[in-house]
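One structure is given below, encoded as C-alpha coordinates.
The values are calculated or read from the model by the stated rules, or taken from the named source; none is laboratory data. Note that the structure is a prediction, hence the values are computed from the model and not measured. Note that we place each Cβ from the backbone using ideal geometry, even for glycine, and neighbour counts take in every protein chain shown.
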Amino acid sequence: MNIHAIKAIYKFEMARTGRTLLQSVVAPVISTSLYFVVFGSAIGSRITEVEGISYGAFLVPGLIMLSLLTQSVSNAAFGIYFPKFTGTIYELLSAPVSMIEALIGYVGAAATKSIMLGLIILATATFFVDVRIAHPMLMLVFLILTGITFSLFGFIIGIWADNFEKLQLIPLLIVTPLVFLGGSFYSVSMLPPVWQTITLMNPVTYLVSGFRWSFYEIADVSLWISLGMIGVFLLACLLVVGWIFRTGYHLRS
Amino acid sequence: MEPVVSIKNLNKTYRGGHQALKNINLDIYPGEIIALLGPNGAGKTTLISTICGIAQPTSGSVTVGGKDIIKDYRDTRSLIGLVPQELTTDSFETPWVTVNFSRGLFGKAPDHAYIEKVLRDVSLWEKRNNKIMTLSGGMKRRLLIAKALSHEPRVLFLDEPTAGVDVELRREMWQLVHRLRENGVTIILTTHYIEEAEEMADRIGVIANGEIILVEDKAALMQKLGKKQLVLDLKQPLSAIPESLASQALELRLDGYQLVYTFDTQADRTGITSLLDALRRENIEFSDLSTTQSSLEQIFVQLLEEA
(Lines give C-alpha, C1' and ligand atoms only; values in the text may rest on other atoms or scores of the structure.)
Protein backbone atom coordinates (compact mmCIF):
# COMPACT_ATOMS: atom_id res chain seq x y z
CA MET A 1 0.00 0.00 0.00
CA ASN A 2 1.41 3.38 -1.01
CA ILE A 3 0.36 5.22 2.15
CA HIS A 4 2.44 8.29 1.26
CA ALA A 5 0.51 8.66 -1.99
CA ILE A 6 -2.87 8.38 -0.28
CA LYS A 7 -1.79 11.01 2.24
CA ALA A 8 -0.43 13.26 -0.51
CA ILE A 9 -3.67 13.12 -2.55
CA TYR A 10 -5.85 13.54 0.52
CA LYS A 11 -3.85 16.49 1.81
CA PHE A 12 -3.73 18.10 -1.62
CA GLU A 13 -7.50 17.81 -2.06
CA MET A 14 -8.22 19.06 1.45
CA ALA A 15 -5.94 22.05 0.83
CA ARG A 16 -8.08 22.90 -2.20
CA THR A 17 -11.07 23.22 0.14
CA GLY A 18 -9.08 25.61 2.28
CA ARG A 19 -8.46 27.79 -0.76
CA THR A 20 -12.08 27.67 -1.86
CA LEU A 21 -13.55 28.09 1.60
CA LEU A 22 -16.07 30.63 0.43
CA GLN A 23 -17.42 28.40 -2.29
CA SER A 24 -17.30 25.11 -0.45
CA VAL A 25 -18.37 26.06 3.08
CA VAL A 26 -19.77 29.56 3.31
CA ALA A 27 -22.08 29.24 0.28
CA PRO A 28 -23.86 26.08 1.50
CA VAL A 29 -24.24 27.58 4.99
CA ILE A 30 -25.85 30.70 3.53
CA SER A 31 -28.16 28.69 1.28
CA THR A 32 -29.16 26.49 4.23
CA SER A 33 -30.00 29.57 6.26
CA LEU A 34 -32.12 30.78 3.35
CA TYR A 35 -33.98 27.48 3.31
CA PHE A 36 -34.76 27.93 6.98
CA VAL A 37 -36.01 31.43 6.40
CA VAL A 38 -38.14 30.50 3.37
CA PHE A 39 -39.33 27.02 4.25
CA GLY A 40 -39.12 27.16 8.01
CA SER A 41 -40.56 30.59 8.63
CA ALA A 42 -42.81 31.28 5.66
CA ILE A 43 -44.17 27.81 4.95
CA GLY A 44 -43.63 26.66 8.52
CA SER A 45 -46.20 29.17 9.68
CA ARG A 46 -48.79 27.21 7.63
CA ILE A 47 -47.48 23.70 8.37
CA THR A 48 -46.85 23.84 12.07
CA GLU A 49 -46.06 20.19 12.69
CA VAL A 50 -45.21 17.04 10.76
CA GLU A 51 -45.85 13.83 12.69
CA GLY A 52 -45.46 15.65 15.95
CA ILE A 53 -42.23 17.46 15.01
CA SER A 54 -42.11 21.22 14.33
CA TYR A 55 -41.73 21.82 10.58
CA GLY A 56 -38.45 23.70 11.04
CA ALA A 57 -36.89 20.81 12.95
CA PHE A 58 -38.38 18.31 10.48
CA LEU A 59 -36.48 20.08 7.67
CA VAL A 60 -33.03 19.71 9.24
CA PRO A 61 -32.18 16.11 8.18
CA GLY A 62 -33.49 16.77 4.64
CA LEU A 63 -31.42 19.93 4.31
CA ILE A 64 -28.29 18.16 5.52
CA MET A 65 -28.95 15.36 3.02
CA LEU A 66 -29.46 17.89 0.23
CA SER A 67 -26.04 19.44 0.84
CA LEU A 68 -24.38 16.14 1.57
CA LEU A 69 -25.50 14.57 -1.70
CA THR A 70 -24.87 17.51 -3.98
CA GLN A 71 -21.55 18.48 -2.39
CA SER A 72 -20.22 14.89 -2.28
CA VAL A 73 -20.96 14.48 -5.96
CA SER A 74 -19.57 17.82 -7.07
CA ASN A 75 -16.47 17.71 -4.83
CA ALA A 76 -15.41 14.27 -5.96
CA ALA A 77 -16.33 14.88 -9.60
CA PHE A 78 -14.35 18.12 -9.70
CA GLY A 79 -11.42 16.60 -7.78
CA ILE A 80 -10.71 13.98 -10.44
CA TYR A 81 -11.99 15.93 -13.44
CA PHE A 82 -9.78 18.99 -12.90
CA PRO A 83 -6.43 17.15 -13.28
CA LYS A 84 -7.85 15.54 -16.41
CA PHE A 85 -8.80 18.98 -17.71
CA THR A 86 -5.44 20.63 -16.93
CA GLY A 87 -3.39 17.59 -17.91
CA THR A 88 -1.76 17.14 -14.51
CA ILE A 89 -3.36 13.68 -14.36
CA TYR A 90 -0.22 12.43 -16.16
CA GLU A 91 1.53 12.43 -12.81
CA LEU A 92 -1.07 10.26 -11.09
CA LEU A 93 -1.10 7.83 -14.01
CA SER A 94 2.69 7.51 -14.06
CA ALA A 95 3.04 7.19 -10.28
CA PRO A 96 3.34 3.89 -8.41
CA VAL A 97 -0.22 4.35 -7.19
CA SER A 98 -2.89 1.70 -7.52
CA MET A 99 -6.32 2.88 -8.51
CA ILE A 100 -7.63 1.83 -5.11
CA GLU A 101 -5.14 4.17 -3.46
CA ALA A 102 -6.10 7.03 -5.76
CA LEU A 103 -9.74 6.31 -4.97
CA ILE A 104 -9.14 6.37 -1.21
CA GLY A 105 -7.33 9.70 -1.55
CA TYR A 106 -9.84 11.46 -3.80
CA VAL A 107 -13.07 9.95 -2.47
CA GLY A 108 -11.83 10.12 1.11
CA ALA A 109 -11.15 13.84 0.78
CA ALA A 110 -14.45 14.54 -0.98
CA ALA A 111 -16.39 12.55 1.61
CA THR A 112 -14.55 14.26 4.48
CA LYS A 113 -15.43 17.66 3.08
CA SER A 114 -19.10 16.89 2.59
CA ILE A 115 -19.43 15.19 5.98
CA MET A 116 -17.82 18.21 7.64
CA LEU A 117 -20.21 20.40 5.71
CA GLY A 118 -23.14 18.28 6.89
CA LEU A 119 -22.02 18.83 10.48
CA ILE A 120 -21.60 22.56 9.89
CA ILE A 121 -25.14 22.73 8.51
CA LEU A 122 -26.37 20.80 11.53
CA ALA A 123 -24.65 23.32 13.79
CA THR A 124 -26.13 26.20 11.76
CA ALA A 125 -29.58 24.65 12.10
CA THR A 126 -29.40 24.75 15.88
CA PHE A 127 -29.44 28.55 15.65
CA PHE A 128 -32.83 28.45 13.95
CA VAL A 129 -34.63 25.48 15.43
CA ASP A 130 -34.55 23.08 18.32
CA VAL A 131 -32.78 20.00 16.93
CA ARG A 132 -32.65 16.78 18.88
CA ILE A 133 -30.82 13.68 17.74
CA ALA A 134 -32.27 10.45 19.11
CA HIS A 135 -29.54 8.20 17.71
CA PRO A 136 -26.32 10.19 17.21
CA MET A 137 -24.22 7.17 16.27
CA LEU A 138 -26.72 6.03 13.66
CA MET A 139 -26.92 9.59 12.41
CA LEU A 140 -23.13 9.56 11.91
CA VAL A 141 -23.27 6.16 10.18
CA PHE A 142 -25.83 7.55 7.71
CA LEU A 143 -23.80 10.71 7.23
CA ILE A 144 -20.56 8.84 6.58
CA LEU A 145 -22.01 6.07 4.39
CA THR A 146 -23.97 8.53 2.28
CA GLY A 147 -20.97 10.87 2.01
CA ILE A 148 -18.72 8.05 0.81
CA THR A 149 -21.29 6.55 -1.54
CA PHE A 150 -22.09 9.81 -3.29
CA SER A 151 -18.43 10.82 -3.42
CA LEU A 152 -17.84 7.54 -5.27
CA PHE A 153 -20.70 8.46 -7.57
CA GLY A 154 -19.10 11.87 -8.12
CA PHE A 155 -15.73 10.22 -8.83
CA ILE A 156 -17.42 8.17 -11.56
CA ILE A 157 -18.98 11.30 -13.05
CA GLY A 158 -15.63 13.09 -12.94
CA ILE A 159 -13.99 10.27 -14.89
CA TRP A 160 -16.85 9.99 -17.34
CA ALA A 161 -17.09 13.73 -18.01
CA ASP A 162 -14.93 15.06 -20.81
CA ASN A 163 -16.18 18.64 -20.57
CA PHE A 164 -17.50 21.00 -17.92
CA GLU A 165 -21.06 20.66 -19.15
CA LYS A 166 -21.13 16.92 -18.54
CA LEU A 167 -19.56 17.53 -15.14
CA GLN A 168 -22.56 19.64 -14.13
CA LEU A 169 -25.17 17.63 -15.99
CA ILE A 170 -25.80 14.74 -13.59
CA PRO A 171 -25.65 16.78 -10.36
CA LEU A 172 -28.03 19.41 -11.74
CA LEU A 173 -30.40 17.26 -13.76
CA ILE A 174 -30.54 14.13 -11.65
CA VAL A 175 -29.17 14.50 -8.13
CA THR A 176 -30.82 17.80 -7.20
CA PRO A 177 -34.33 16.86 -8.48
CA LEU A 178 -34.13 13.47 -6.77
CA VAL A 179 -33.23 15.12 -3.47
CA PHE A 180 -36.00 17.71 -3.76
CA LEU A 181 -38.53 15.04 -4.67
CA GLY A 182 -37.19 12.56 -2.11
CA GLY A 183 -39.04 13.90 0.91
CA SER A 184 -36.39 16.36 2.05
CA PHE A 185 -38.99 19.05 2.74
CA TYR A 186 -42.09 16.98 3.40
CA SER A 187 -43.25 13.63 4.68
CA VAL A 188 -44.20 11.16 1.95
CA SER A 189 -47.47 10.57 3.79
CA MET A 190 -48.46 14.19 3.00
CA LEU A 191 -48.65 13.31 -0.74
CA PRO A 192 -51.63 11.87 -2.66
CA PRO A 193 -51.39 8.02 -2.95
CA VAL A 194 -50.18 8.03 -6.59
CA TRP A 195 -47.32 10.37 -5.76
CA GLN A 196 -46.47 8.30 -2.71
CA THR A 197 -45.91 5.28 -4.96
CA ILE A 198 -43.81 7.33 -7.40
CA THR A 199 -41.77 8.82 -4.57
CA LEU A 200 -40.93 5.34 -3.31
CA MET A 201 -39.18 4.71 -6.64
CA ASN A 202 -36.81 7.56 -5.84
CA PRO A 203 -33.76 6.07 -4.11
CA VAL A 204 -33.01 9.29 -2.26
CA THR A 205 -36.31 8.94 -0.35
CA TYR A 206 -34.82 6.01 1.54
CA LEU A 207 -31.68 7.94 2.49
CA VAL A 208 -33.62 10.96 3.75
CA SER A 209 -36.11 8.75 5.58
CA GLY A 210 -33.47 6.72 7.39
CA PHE A 211 -31.45 9.80 8.23
CA ARG A 212 -34.52 11.53 9.63
CA TRP A 213 -35.29 8.46 11.73
CA SER A 214 -31.91 8.82 13.45
CA PHE A 215 -33.05 12.30 14.55
CA TYR A 216 -36.71 11.97 15.42
CA GLU A 217 -37.57 8.28 15.09
CA ILE A 218 -40.06 9.07 12.35
CA ALA A 219 -39.63 7.56 8.90
CA ASP A 220 -41.45 7.06 5.59
CA VAL A 221 -39.94 3.61 5.15
CA SER A 222 -38.36 1.09 7.48
CA LEU A 223 -34.89 1.92 8.81
CA TRP A 224 -33.52 -1.39 7.56
CA ILE A 225 -34.71 -0.74 4.04
CA SER A 226 -32.98 2.65 4.22
CA LEU A 227 -29.71 1.11 5.34
CA GLY A 228 -30.10 -1.62 2.70
CA MET A 229 -30.55 1.04 0.00
CA ILE A 230 -27.30 2.78 0.95
CA GLY A 231 -25.62 -0.63 0.78
CA VAL A 232 -27.03 -1.20 -2.71
CA PHE A 233 -25.84 2.26 -3.88
CA LEU A 234 -22.42 1.72 -2.42
CA LEU A 235 -22.10 -1.65 -4.09
CA ALA A 236 -23.30 -0.33 -7.44
CA CYS A 237 -20.77 2.52 -7.33
CA LEU A 238 -17.96 0.16 -6.32
CA LEU A 239 -18.81 -2.16 -9.22
CA VAL A 240 -18.68 0.70 -11.72
CA VAL A 241 -15.41 2.00 -10.23
CA GLY A 242 -13.98 -1.53 -10.42
CA TRP A 243 -14.92 -1.71 -14.09
CA ILE A 244 -13.33 1.71 -14.74
CA PHE A 245 -10.09 0.59 -13.14
CA ARG A 246 -10.00 -2.69 -15.02
CA THR A 247 -10.53 -1.10 -18.40
CA GLY A 248 -8.73 2.22 -17.82
CA TYR A 249 -11.91 3.89 -19.16
CA HIS A 250 -11.33 7.59 -19.89
CA LEU A 251 -8.07 7.44 -17.94
CA ARG A 252 -5.43 5.47 -19.81
CA SER A 253 -5.31 5.55 -23.58
CA MET B 1 25.93 -4.44 -18.83
CA GLU B 2 22.25 -5.08 -18.06
CA PRO B 3 19.96 -2.53 -19.69
CA VAL B 4 18.01 -0.33 -17.29
CA VAL B 5 15.15 -0.08 -19.78
CA SER B 6 14.48 -2.93 -22.18
CA ILE B 7 11.75 -2.70 -24.79
CA LYS B 8 10.82 -5.84 -26.69
CA ASN B 9 8.46 -6.06 -29.69
CA LEU B 10 6.36 -3.21 -28.36
CA ASN B 11 3.22 -2.35 -30.30
CA LYS B 12 0.62 0.26 -29.51
CA THR B 13 -2.59 0.71 -31.42
CA TYR B 14 -4.99 3.37 -30.15
CA ARG B 15 -8.70 2.67 -29.84
CA GLY B 16 -9.38 4.60 -33.01
CA GLY B 17 -7.19 2.10 -34.87
CA HIS B 18 -4.11 4.26 -35.30
CA GLN B 19 -0.96 2.19 -34.82
CA ALA B 20 1.39 4.56 -33.03
CA LEU B 21 4.20 2.10 -32.28
CA LYS B 22 5.30 -0.74 -34.54
CA ASN B 23 7.39 -3.51 -33.08
CA ILE B 24 9.78 -1.33 -31.11
CA ASN B 25 12.93 -2.96 -29.75
CA LEU B 26 15.35 -0.87 -27.74
CA ASP B 27 17.74 -1.35 -24.81
CA ILE B 28 18.81 1.65 -22.76
CA TYR B 29 21.82 1.34 -20.48
CA PRO B 30 22.44 2.81 -17.05
CA GLY B 31 23.97 6.27 -17.02
CA GLU B 32 23.56 7.04 -20.69
CA ILE B 33 21.77 9.90 -22.37
CA ILE B 34 19.76 8.73 -25.33
CA ALA B 35 17.94 11.12 -27.62
CA LEU B 36 14.93 10.04 -29.60
CA LEU B 37 14.62 12.12 -32.70
CA GLY B 38 11.65 12.21 -34.97
CA PRO B 39 9.10 14.43 -36.63
CA ASN B 40 5.75 15.29 -35.05
CA GLY B 41 3.48 12.29 -34.72
CA ALA B 42 6.35 9.83 -35.07
CA GLY B 43 5.44 8.04 -31.83
CA LYS B 44 8.03 9.50 -29.44
CA THR B 45 5.53 10.63 -26.82
CA THR B 46 3.50 7.42 -27.16
CA LEU B 47 6.65 5.40 -26.52
CA ILE B 48 7.44 7.40 -23.38
CA SER B 49 3.81 7.32 -22.20
CA THR B 50 3.70 3.56 -22.57
CA ILE B 51 6.88 3.01 -20.57
CA CYS B 52 5.66 5.36 -17.84
CA GLY B 53 2.20 3.78 -17.57
CA ILE B 54 0.06 6.54 -19.08
CA ALA B 55 -0.77 4.50 -22.18
CA GLN B 56 -1.35 0.77 -22.22
CA PRO B 57 0.77 -1.34 -24.59
CA THR B 58 -1.15 -3.41 -27.14
CA SER B 59 1.50 -6.12 -27.23
CA GLY B 60 5.15 -6.66 -26.37
CA SER B 61 6.94 -6.04 -23.13
CA VAL B 62 8.96 -3.39 -21.35
CA THR B 63 11.15 -3.85 -18.31
CA VAL B 64 12.63 -1.10 -16.17
CA GLY B 65 15.35 -2.11 -13.72
CA GLY B 66 14.62 -5.72 -14.72
CA LYS B 67 10.95 -5.49 -13.68
CA ASP B 68 7.91 -5.65 -15.91
CA ILE B 69 6.07 -2.33 -16.30
CA ILE B 70 2.64 -3.97 -16.00
CA LYS B 71 3.15 -6.73 -13.43
CA ASP B 72 5.61 -4.83 -11.23
CA TYR B 73 4.37 -1.32 -12.00
CA ARG B 74 5.11 -0.08 -8.50
CA ASP B 75 8.80 -0.99 -8.79
CA THR B 76 9.22 0.34 -12.31
CA ARG B 77 7.34 3.60 -11.82
CA SER B 78 9.28 4.33 -8.61
CA LEU B 79 12.44 4.28 -10.72
CA ILE B 80 11.10 6.67 -13.33
CA GLY B 81 10.72 10.43 -13.42
CA LEU B 82 8.73 11.97 -16.25
CA VAL B 83 8.83 15.52 -17.55
CA PRO B 84 5.93 15.89 -19.96
CA GLN B 85 5.96 17.93 -23.10
CA GLU B 86 3.05 20.18 -22.17
CA LEU B 87 3.46 22.69 -19.35
CA THR B 88 0.78 21.08 -17.22
CA THR B 89 0.87 22.49 -13.71
CA ASP B 90 -1.52 23.22 -10.87
CA SER B 91 -1.70 26.95 -11.44
CA PHE B 92 -3.08 27.75 -7.99
CA GLU B 93 -0.44 25.81 -6.06
CA THR B 94 3.08 26.83 -5.14
CA PRO B 95 6.26 25.07 -6.28
CA TRP B 96 6.91 23.97 -2.72
CA VAL B 97 3.52 22.30 -2.33
CA THR B 98 3.46 20.68 -5.74
CA VAL B 99 6.98 19.23 -5.56
CA ASN B 100 6.32 17.80 -2.10
CA PHE B 101 3.05 16.38 -3.44
CA SER B 102 4.93 14.63 -6.25
CA ARG B 103 7.32 13.04 -3.79
CA GLY B 104 4.43 11.68 -1.74
CA LEU B 105 2.64 10.41 -4.82
CA PHE B 106 5.70 8.35 -5.71
CA GLY B 107 5.64 6.72 -2.30
CA LYS B 108 8.53 8.53 -0.64
CA ALA B 109 8.41 9.87 2.91
CA PRO B 110 8.60 13.68 3.15
CA ASP B 111 12.15 15.02 2.96
CA HIS B 112 12.16 18.79 3.02
CA ALA B 113 15.94 19.04 2.83
CA TYR B 114 15.99 17.04 -0.39
CA ILE B 115 13.13 19.03 -1.93
CA GLU B 116 15.00 22.22 -1.05
CA LYS B 117 18.06 20.88 -2.87
CA VAL B 118 16.00 19.98 -5.94
CA LEU B 119 14.36 23.42 -6.04
CA ARG B 120 17.76 25.08 -5.66
CA ASP B 121 19.18 22.91 -8.45
CA VAL B 122 16.54 24.18 -10.85
CA SER B 123 16.88 27.77 -9.53
CA LEU B 124 13.33 27.91 -8.17
CA TRP B 125 14.06 28.09 -4.46
CA GLU B 126 13.38 31.84 -4.36
CA LYS B 127 10.03 31.24 -6.05
CA ARG B 128 8.97 28.34 -3.85
CA ASN B 129 6.04 30.18 -2.27
CA ASN B 130 4.79 31.97 -5.38
CA LYS B 131 1.68 30.77 -7.16
CA ILE B 132 2.67 28.66 -10.14
CA MET B 133 0.52 30.75 -12.47
CA THR B 134 2.87 33.70 -11.84
CA LEU B 135 5.93 31.78 -13.08
CA SER B 136 7.36 32.19 -16.58
CA GLY B 137 7.26 29.36 -19.12
CA GLY B 138 10.90 28.50 -18.49
CA MET B 139 10.31 28.38 -14.75
CA LYS B 140 7.32 26.09 -15.23
CA ARG B 141 9.46 23.80 -17.35
CA ARG B 142 12.07 23.66 -14.58
CA LEU B 143 9.32 23.10 -12.04
CA LEU B 144 8.19 20.04 -13.99
CA ILE B 145 11.77 18.79 -13.89
CA ALA B 146 11.85 19.37 -10.12
CA LYS B 147 8.61 17.41 -9.74
CA ALA B 148 10.07 14.56 -11.80
CA LEU B 149 13.20 14.55 -9.62
CA SER B 150 11.30 14.79 -6.33
CA HIS B 151 11.38 11.04 -5.71
CA GLU B 152 15.03 10.51 -6.69
CA PRO B 153 14.39 8.54 -9.92
CA ARG B 154 17.10 6.46 -11.62
CA VAL B 155 15.64 7.00 -15.08
CA LEU B 156 14.44 10.37 -16.29
CA PHE B 157 12.26 10.90 -19.35
CA LEU B 158 12.36 14.37 -20.81
CA ASP B 159 9.73 14.85 -23.49
CA GLU B 160 10.81 17.83 -25.59
CA PRO B 161 12.50 19.52 -22.61
CA THR B 162 13.46 22.70 -24.41
CA ALA B 163 10.45 23.26 -26.64
CA GLY B 164 9.69 26.96 -26.56
CA VAL B 165 12.61 27.72 -24.30
CA ASP B 166 15.04 30.52 -25.15
CA VAL B 167 18.65 29.82 -26.06
CA GLU B 168 20.14 30.79 -22.72
CA LEU B 169 17.69 28.67 -20.76
CA ARG B 170 18.21 25.80 -23.16
CA ARG B 171 21.92 25.84 -22.34
CA GLU B 172 21.09 25.90 -18.62
CA MET B 173 18.82 22.91 -19.14
CA TRP B 174 21.58 21.03 -20.92
CA GLN B 175 23.94 21.71 -18.04
CA LEU B 176 21.33 20.44 -15.61
CA VAL B 177 20.92 17.25 -17.64
CA HIS B 178 24.67 16.70 -17.67
CA ARG B 179 24.81 17.17 -13.89
CA LEU B 180 22.04 14.62 -13.47
CA ARG B 181 23.91 12.15 -15.59
CA GLU B 182 27.01 12.68 -13.47
CA ASN B 183 24.88 11.55 -10.54
CA GLY B 184 24.13 8.33 -12.38
CA VAL B 185 20.67 9.13 -13.72
CA THR B 186 19.84 7.58 -17.08
CA ILE B 187 18.22 10.12 -19.37
CA ILE B 188 15.91 9.55 -22.29
CA LEU B 189 14.94 12.68 -24.12
CA THR B 190 12.87 13.35 -27.17
CA THR B 191 13.56 16.38 -29.23
CA HIS B 192 12.97 18.16 -32.47
CA TYR B 193 16.20 20.02 -32.09
CA ILE B 194 19.03 18.16 -33.70
CA GLU B 195 21.39 20.59 -32.00
CA GLU B 196 20.09 19.35 -28.68
CA ALA B 197 20.68 15.69 -29.51
CA GLU B 198 24.09 16.54 -30.88
CA GLU B 199 24.98 18.49 -27.76
CA MET B 200 23.68 16.09 -25.15
CA ALA B 201 23.22 12.53 -26.29
CA ASP B 202 25.54 9.56 -26.18
CA ARG B 203 23.23 7.63 -28.45
CA ILE B 204 20.60 8.66 -30.90
CA GLY B 205 17.48 6.80 -31.94
CA VAL B 206 15.48 7.97 -34.90
CA ILE B 207 11.74 7.30 -34.93
CA ALA B 208 9.45 7.76 -37.89
CA ASN B 209 5.92 6.45 -38.39
CA GLY B 210 6.03 4.50 -35.14
CA GLU B 211 9.18 2.60 -36.04
CA ILE B 212 12.71 2.92 -34.79
CA ILE B 213 14.66 3.39 -37.97
CA LEU B 214 18.03 3.45 -36.33
CA VAL B 215 19.84 3.55 -32.99
CA GLU B 216 23.52 4.43 -32.99
CA ASP B 217 26.22 5.98 -30.90
CA LYS B 218 26.17 9.62 -31.78
CA ALA B 219 29.80 9.67 -32.85
CA ALA B 220 29.44 6.50 -34.90
CA LEU B 221 26.29 7.81 -36.52
CA MET B 222 27.93 11.05 -37.46
CA GLN B 223 30.90 9.18 -38.81
CA LYS B 224 28.90 6.54 -40.60
CA LEU B 225 26.45 8.77 -42.30
CA GLY B 226 28.45 11.93 -42.12
CA LYS B 227 29.82 13.19 -45.38
CA LYS B 228 32.72 15.56 -45.35
CA GLN B 229 33.25 18.32 -47.81
CA LEU B 230 36.46 19.93 -48.88
CA VAL B 231 35.91 23.54 -49.85
CA LEU B 232 38.49 25.28 -52.01
CA ASP B 233 38.44 29.06 -52.52
CA LEU B 234 39.74 29.64 -56.01
CA LYS B 235 41.94 32.56 -57.05
CA GLN B 236 40.35 32.66 -60.52
CA PRO B 237 36.73 31.71 -61.03
CA LEU B 238 35.89 28.67 -63.14
CA SER B 239 33.03 28.76 -65.60
CA ALA B 240 32.75 24.98 -65.62
CA ILE B 241 34.38 21.96 -64.06
CA PRO B 242 37.24 20.85 -66.35
CA GLU B 243 36.69 17.65 -68.34
CA SER B 244 39.50 15.82 -66.59
CA LEU B 245 37.76 16.32 -63.24
CA ALA B 246 34.24 15.55 -64.37
CA SER B 247 34.25 12.10 -62.80
CA GLN B 248 34.88 13.55 -59.31
CA ALA B 249 32.08 14.55 -56.92
CA LEU B 250 32.63 18.23 -57.47
CA GLU B 251 30.43 21.26 -57.66
CA LEU B 252 31.00 24.93 -58.22
CA ARG B 253 29.64 27.58 -55.92
CA LEU B 254 29.83 31.37 -55.53
CA ASP B 255 29.92 32.08 -59.27
CA GLY B 256 32.77 29.67 -59.77
CA TYR B 257 34.94 31.06 -56.97
CA GLN B 258 34.44 28.02 -54.80
CA LEU B 259 34.99 24.37 -55.64
CA VAL B 260 33.39 21.84 -53.30
CA TYR B 261 34.44 18.22 -53.14
CA THR B 262 32.24 15.76 -51.24
CA PHE B 263 33.88 12.61 -49.89
CA ASP B 264 33.07 9.71 -47.64
CA THR B 265 34.98 9.62 -44.37
CA GLN B 266 34.53 5.84 -44.19
CA ALA B 267 36.16 5.11 -47.56
CA ASP B 268 39.70 3.68 -47.77
CA ARG B 269 40.74 6.57 -49.92
CA THR B 270 39.26 9.98 -49.61
CA GLY B 271 40.53 10.97 -53.04
CA ILE B 272 41.85 14.30 -51.78
CA THR B 273 45.45 13.76 -52.87
CA SER B 274 44.53 12.79 -56.40
CA LEU B 275 42.12 15.72 -56.60
CA LEU B 276 44.83 18.15 -55.57
CA ASP B 277 47.22 16.58 -58.10
CA ALA B 278 44.60 16.97 -60.80
CA LEU B 279 44.04 20.61 -59.86
CA ARG B 280 47.76 21.28 -60.16
CA ARG B 281 47.79 19.65 -63.59
CA GLU B 282 44.92 21.91 -64.67
CA ASN B 283 46.72 24.94 -63.16
CA ILE B 284 43.81 25.74 -60.92
CA GLU B 285 45.10 27.71 -57.93
CA PHE B 286 43.32 28.19 -54.65
CA SER B 287 43.80 30.72 -51.87
CA ASP B 288 42.24 28.75 -49.03
CA LEU B 289 40.80 25.35 -48.19
CA SER B 290 38.59 24.04 -45.42
CA THR B 291 36.56 20.93 -44.59
CA THR B 292 33.04 20.72 -43.17
CA GLN B 293 31.16 17.76 -41.78
CA SER B 294 27.44 17.27 -42.30
CA SER B 295 25.41 18.02 -39.20
CA LEU B 296 23.07 15.61 -37.50
CA GLU B 297 20.24 17.61 -39.01
CA GLN B 298 21.34 16.77 -42.53
CA ILE B 299 21.79 13.14 -41.51
CA PHE B 300 18.32 13.15 -40.02
CA VAL B 301 16.68 14.58 -43.11
CA GLN B 302 18.52 12.04 -45.21
CA LEU B 303 17.31 9.19 -42.98
CA LEU B 304 13.72 10.33 -43.10
CA GLU B 305 13.85 10.60 -46.86
CA GLU B 306 15.06 7.03 -47.04
CA ALA B 307 12.42 5.76 -44.58
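Is it fair to say B:Leu36 is closer than 23 Å to B:Ala219 by Cβ and either in contact with a Cys (Cβ under 8 Å, 6 or more places away or on another chain) or assigned to a strand (DSSP E or B) (or both)? Criteria met by B:Leu36. Checked across the stretch B:98-110, the condition of being touching a residue at least 40 places away in the same chain (Cβ under 8 Å) and under 18 Å from B:Leu176 (Cα atoms) holds for at least one residue. Here the helices (runs of 4 or more DSSP H) wholly within the stretch B:87-203 that include at least 3 residues being at pLDDT 90 or above and away from chain A (no Cβ under 14 Å) are B:112-121. Residues of the stretch B:47-83 that are crowded, with 24+ Cβ neighbours inside 10 Å and in contact (Cβ under 8 Å) with a residue 60 or more places away in the chain: B:Leu47, B:Ile48, B:Ile51, B:Cys52, B:Val64, B:Ile80, B:Gly81, B:Leu82.
Among the conditions (1) farther than 30 Å from B:Glu297 by Cα; (2) away from every other protein chain (no Cβ under 14 Å); (3) in contact (Cβ under 8 Å) with a residue 60 or more places away in the chain, B:Pro39 misses just one, which is (1). Taking the stretch B:70-86, which residues are under 26 Å from the mean Cα position of the chain (by Cα) and either assigned to a loop (DSSP other than H, G, I, E, B) or under 18 Å from A:Arg16 (Cα atoms) (or both)? Within the stretch B:70-86, B:Pro84, B:Gln85, B:Glu86 meet the criteria.
The set of residues from the stretch A:15-28 being aliphatic (A, V, I, L, M) and surrounded by fewer than 16 Cβ atoms within 10 Å (Cβ to Cβ) comprises A:Ala15, A:Leu21, A:Leu22, A:Val26, A:Ala27.
Applying the criterion of being in contact with a Phe, Trp or Tyr (Cβ under 9 Å, 6 or more places away or on another chain) and in a strand (DSSP E or B) to the residues of the stretch B:1-28, the residue that is surrounded by the most Cβ atoms within 10 Å (Cβ to Cβ) is B:Val5.
Would you be able to say whether some residue in the stretch A:100-112 is at pLDDT below 90 and either surrounded by fewer than 23 Cβ atoms within 10 Å (Cβ to Cβ) or outside any helix (DSSP H, G or I) (or both)? Walk me through it before giving the result.
First pass over the stretch A:100-112, keeping only residues at pLDDT below 90: A:100.
Cutting the leftovers down to either surrounded by fewer than 23 Cβ atoms within 10 Å (Cβ to Cβ) or outside any helix (DSSP H, G or I) (or both) gives us A:100.
The answer is yes; a qualifying residue exists.
In the set (1) crowded, with 16+ Cβ neighbours inside 10 Å; (2) touching a residue at least 24 places away in the same chain (Cβ under 8 Å); (3) facing chain A (nearest Cβ under 10 Å), the condition left unmet by B:Glu32 is number (3). Scanning the stretch A:212-250 for residues being surrounded by 19 or more Cβ atoms within 10 Å (Cβ to Cβ) and not hydrophobic (A, V, I, L, M, F, W, C) gives a total of 5.
A residue that is over 18 Å from the mean Cα position of the chain (by Cα), assigned to a helix (DSSP H, G or I), over 18 Å from A:Gly182 (Cβ atoms) and not β-branched (Val, Ile, Thr) occurs nowhere in the stretch A:205-216.
I'd like the residue in the stretch A:96-106 that is over 11 Å from A:Met14 (Cα atoms) and not acidic (Asp, Glu) and, out of all such residues, is nearest to the other protein chains (Cβ to nearest Cβ).
Start the filter on the stretch A:96-106 by keeping residues that are over 11 Å from A:Met14 (Cα atoms), which leaves A:96-104.
Going one step further and asking which of them are not acidic (Asp, Glu), we end up with A:96-100, A:102-104.
Working: A:Pro96: 4, A:Val97: 6, A:Ser98: 8, A:Met99: 11, A:Ile100: 12, A:Ala102: 9, A:Leu103: 14, A:Ile104: 13 Å.
Checked the stretch A:96-106; the qualifying residue nearest to the other protein chains (Cβ to nearest Cβ) is A:Pro96.
Applying the selection to the stretch B:171-197, what residues are of a type in the set (D, E, K, R) and crowded, with 20+ Cβ neighbours inside 10 Å?
B:Glu196
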